[in-house]
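Quick one: structure below, then a few questions.
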Amino acid sequence: MAEVADGPPSSAQAVVVGAGVVGAAIAFNLARLGLTDVVVLDKGTVAGQASGRSGALVRTHYTNVDEARIALAALGWFEHWADRVGGTCGFAATGFLQMVAAQDHSTLRSNVEQLRGIGVDTTLVNADEIRRLQPHMVVEDDAVAAYEPRGGYADPVATTVGLAEAARRLGATVFEQVEVTGLAVAHDRVRGVHTSHGTIEAPIVVVANGAWCTGLLAPLGIELQIETARAQVSFFARPAELPTGPDGHLTIIDRTNGCYLRPAGDRHTLVGLSAFRRPLDDLDGYDESDEPEFTELARRQAARRLPGLADAPRASGHAGPLDITPDRRMVLGSAPGTEGLYLAVGMSGGGFKKAPAIGACLAELIVHGKAATAPIEPFRFSRFAEGQPLTGADYSLPADGVDPRRRAALQHQGLIH
Ligand SMILES: Cc1cc2nc3c(=O)[nH]c(=O)nc-3n(C[C@H](O)[C@H](O)[C@H](O)COP(=O)(O)OP(=O)(O)OC[C@H]3O[C@@H](n4cnc5c(N)ncnc54)[C@H](O)[C@@H]3O)c2cc1C
């Protein structure tokens, strides 16, 4: 993938900072819309950070309708990857189940209605239907869940590398081990980027460098409040009573027990915890493994649904960075006060599934002046200063494993059960 032997060029039509799934999707879509000279720079490697470590769940269930629209647009890309991007992204349409605690059933009902209103294929399912969809699962008799037959998961590395390779086939160049050290701006217009390998002049620069974004933006006076955190996933041997194969069980987010899970390969199950986050101060030197404390809690919480996981051996695991905005939703669009500069940052733990549509939207904005794939105005940077953060009717979580820094806020909102 790397082209650093020749070194990056001294000019380009557009520079994308960051070769995670978001940067790769933007570069691919810029090239798809006709830009012939797009340069992507990553100070590490393609998919080397959050994108390569993602749980990679693909679902449309969101409590905020604007986010759901982006996720819905992205779903079509995962489903038709070979035609639209080329190759495979490892998408497995296992079906997706969103489970919530009893106190949130009415919120779930109204969220499902809202999602159906924008065209999401989702229904409410009762305990018997859940048991049919997912045998061997412990289900309360009064359970209600939201089911999406089109949901599932993808391979995060194949997805990101696939987008970067597709961008290259259309003329983009991707440079690994090249760090953007600053943004070049004059007279309120972006002029390019300064890098560890010299300056690249470009009239368009897209900042898509995830948890590192504030370091590039703050010198321009663009103060984005990003909380960085370390999220983890563990892989367990799949219980023998569940079928083998990449679609051997459903993909599930279970807010009742604060966990999510999906098949991984033929014989494993990935488990994550929705609210278990560690502070992340050293972005370039953090612990990339999953901690025993996390693994134990993940196993215990997931085993409340799939009891066979209770003594399932851990096969592997890892951690990656999250970039969380104050309203826990991404920032997309033009940067304030600097023509030609665009932002696709603050993914807040949900950027993977939306990335193909984020790429399409940003490229449409840059090339045609407006995003057509889905509306992105709600994600504008200025929403915080305008007092218009994005909201949604969220579901509660168990206190177990909640990041202590979030505990007070969740308690205040009545979101801990
Ligand atoms: C454990 C875990 C589980 C997750 N599960 C899910 C999930 O199930 N579903 C979902 O949708 N999302 C999930 N996410 C979130 C999702 O993975 C991220 O939102 C998404 O990958 C972010 O992509 P990105 O391209 O913005 O960031 P990244 O992948 O972090 O990419 C940013 C890139 O920028 C590079 N960079 C940084 N600074 C510079 C610089 N100055 N110059 C050049 N390059 C630079 C970095 O090296 C990095 O490669 C999860 C995340 C984690 C960590």
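7 Å from Cα along Cα→Cβ at both Asp37 and Val367: what's the point-to-point distance in nm?
Those two pseudo-labels are separated by 1.7 nm.
Which of the peptides 167-174, 59-66, 154-161 is most tightly packed, and how do the rest follow, judged by the mean count of other Cβ atoms within 10 Å per residue? Intermediate results must be reported in sequence, preceding the final value.
Numbers: 167-174: 19.8, 59-66: 21.5, 154-161: 23.8.
Answer by packing, highest mean first, reads 154-161, 59-66, 167-174.
How would you rank 103-110, 332-339, 384-391, highest first, on the average number of other Cβ atoms within 10 Å across their residues? Before the final figure, lay out each step's value.
Details: 103-110: 15.2, 332-339: 18.2, 384-391: 12.0.
The densest-packed peptide leads the list: 332-339, 103-110, 384-391.
Measure nothing but the geometry: give the 0 to 90° angle between the long axis through the Cα atoms of 156-169 and the longest principal axis through the Cα atoms of the chain, rounded to 10°.
Helix 156-169 and the main axis of the chain meet at about 30 degrees.
Note down, for region 128-187, the three equivalent ellipsoid semi-axes (square root of 5 times each alpha carbon gyration tensor eigenvalue), biggest first, whole angstrom.
On the way: eigenvalues 429, 58, 25 Å².
Ellipsoid semi-axes (Å, largest first): 46, 17, 11.
Provide His318, His412 in ascending order of the number of other Cβ atoms located within 10 Å of each residue's Cβ, fewest first.
Numbers: His318 15, His412 9.
Least to most surrounded, the residues fall as His412, His318.
Can you list the residues, at least 5 places off or on another chain, whose amide H is less than 5 Å from the amide H of Ser316, using H built in the peptide plane?
Placed amide hydrogens put Phe235 under 5 Å from Ser316.
Please report the net charge: other residues with Cβ closer than 10 Å to the Cβ of Ala31, K and R +1, D and E -1.
Numbers: positive: Arg32, Arg168, Arg169; negative: Asp37.
That works out to +2.
What angle, in degrees between 0 and 90 and rounded to the nearest 10, separates the Cα long axis of helix 105-117 from the longest principal axis of the Cα atoms of the chain?
50 degrees
A further question on this structure: Could you estimate the translational diffusion coefficient of the chain from the Stokes-Einstein equation, with Rh from the Kirkwood formula over C-alpha pairs, at 10 °C and 1.306 mPa s, in whole µm²/s?
74 µm²/s
May I ask you to order 20-33, 240-253 by the average number of other C-beta atoms within 10 Å around their residues, highest value first?
Working: 20-33: 28.9, 240-253: 18.0.
Descending packing order for the listed peptides: 20-33, 240-253.
Moving on to the next point. In degrees from 0 to 90, rounded to the nearest 10, what is the angle of the helix 351-368 Cα long axis to the longest principal axis of the chain?
Tilt of helix 351-368: around 30 degrees.
To continue, here is another question. Given 10 °C and 1.306 mPa s, how large is the Stokes-Einstein diffusion coefficient of region 359-405 in µm²/s, with Rh as the Kirkwood radius over Cα pairs?
Numbers: Rh = 13.7 Å.
For these conditions, the coefficient is 116 µm²/s.
A further question on this structure: At 0.36 nm per residue, minus the direct Cα-Cα distance, what do Glu223 and Glu296 gain on full extension? Give it in nm, one decimal, please.
Details: separation 73, 0.36 × 73 = 26.28 nm, distance 3.78 nm.
Value of the extension gain: 22.5 nm.
Just to check I understand the Karplus step: with θ = phi - 60° and J = 6.51 cos²θ - 1.76 cosθ + 1.60, what whole-Hz values come out for region 296-308, glycine and proline as x?
5, 5, 4, 4, 5, 5, 5, 5, 5, 9, 10, x, x
Could I ask something else about it? For region 262-359, what mean projected area does the convex hull of the alpha carbons give, in nm²?
Details: hull surface 35.3 nm².
Spelled out: convex hull of the Cα atoms, projected over all directions, averaged, 8.8 nm².
List Val85, Val16 from most exposed to least, where exposure is judged by having the fewest other Cβ atoms within 10 Å. Write down the numbers at each step before the final one.
Working: Val85 22, Val16 35.
Exposure proxy ranking, most exposed first: Val85, Val16.
Let me ask something else. Only helical DSSP H runs with n ≥ 4 go in: add -39500 (n - 2.57) per run for the chain, normalise by residue count and round the 222 nm mean residue ellipticity to 500 deg cm²/dmol. Don't skip to the answer; put the middle values down first.
Working: 11 runs with 113 residues, N = 417.
The per-residue figure over the chain is -8000 deg cm²/dmol.
Every read-out reported here was derived from the displayed coordinates using simple, explicitly stated rules and does not represent laboratory data. What you see is a predicted model, and the numbers here were worked out from it, not measured in a lab. Quick reminder, even Gly has a Cβ in these numbers, built from the backbone with ideal geometry, and neighbours come from all protein chains shown.
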